[in-house]
């Protein structure tokens, strides 16, 4: 048995029906009752367009921040950890202003029942802190679910799934919570797809756990991911493996080079965009 990432052998049309059936399994920590009534004073399409535009701003802004990423991936036998991968990295810029990852702590991995590949690392970087921008919304089916309190926040809730899976591409499928004031995603729950089972060739199986990512408001403007957690059993053809992911994103600081960040159509100076060691404003993150 190996835990690997391989491309899907063909395109698969995913429907939102599967998402609706899976809804009771969602991590509902901090969530209030779901109100399925339509939004007032704004259409569903307007909400989607607003948050997709804000997500594009968020994506560009986060690319101008440095931060620390702490990744811990474990396999468990019952409740006992029997293997672990742990790496702490600083996401920085070099002297030329290019994005770099500097590993500061990386003990020898003790994972034995699973094997991580380059695609696993790519999922950690790009799918766990999922972003749905105006450039990407046409790739997804987006279904309005209702309104829900997420801790102290009011949110609009959507289920999303890729309309089609292109060869060699990976996508997010699950549920997102959008703040009803800032129109930014504050929480995601779901999984990376495609999930590929192959009993004849177990080495080509492609499975990953369902995860939840919480965001917090940084510098009073952007909702950046701060904490991801997964605890799920992966049903490989020859073995069930319980996996646990814990990813922390901390020490967000605005990069000091000459670059532009806009927020709600206005360019922010370095002093306005600032730097921060701790989140400010609202929060959806669980107690750790």
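What follows is calculated from the coordinates using simple rules that are stated; it is not laboratory data. Just so we're clear, the structure is a prediction, and the values are computed from it rather than from any experiment. When we count neighbours, we look across all protein chains shown, and the Cβ atoms used for this are built from the backbone with ideal geometry, even at glycine.
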For region 66-123, averaging the sequence separation of alpha carbon pairs under 8 Å that lie six or more residues apart and dividing by its residue count, the contact order in percent is 31
Final fewest-first order of 109, 37 on the 10 Å Cβ neighbour count is 37, 109
Taking a ≥ b ≥ c as the square roots of the eigenvalues of the Cα gyration tensor, with a/c under 1.5 meaning rounded and otherwise prolate when a/b exceeds b/c and oblate if not, region 17-273 is oblate
The rounded separation in angstrom of the Cα centers of region 167-192 and region 137-165 is 7
Cα pairs beyond 13 Å in region 108-151, in percent, come to 75
Per the rule of 0.36 nm per residue minus the C-alpha distance, extending residue 104 to residue 72 adds in nm 10.1 nm
Taking a label point 7 Å from the Cα of residue 198 along Cα-to-Cβ, the residues of region 219-241 whose backbone nitrogen sits under 20 Å from it are 234-241
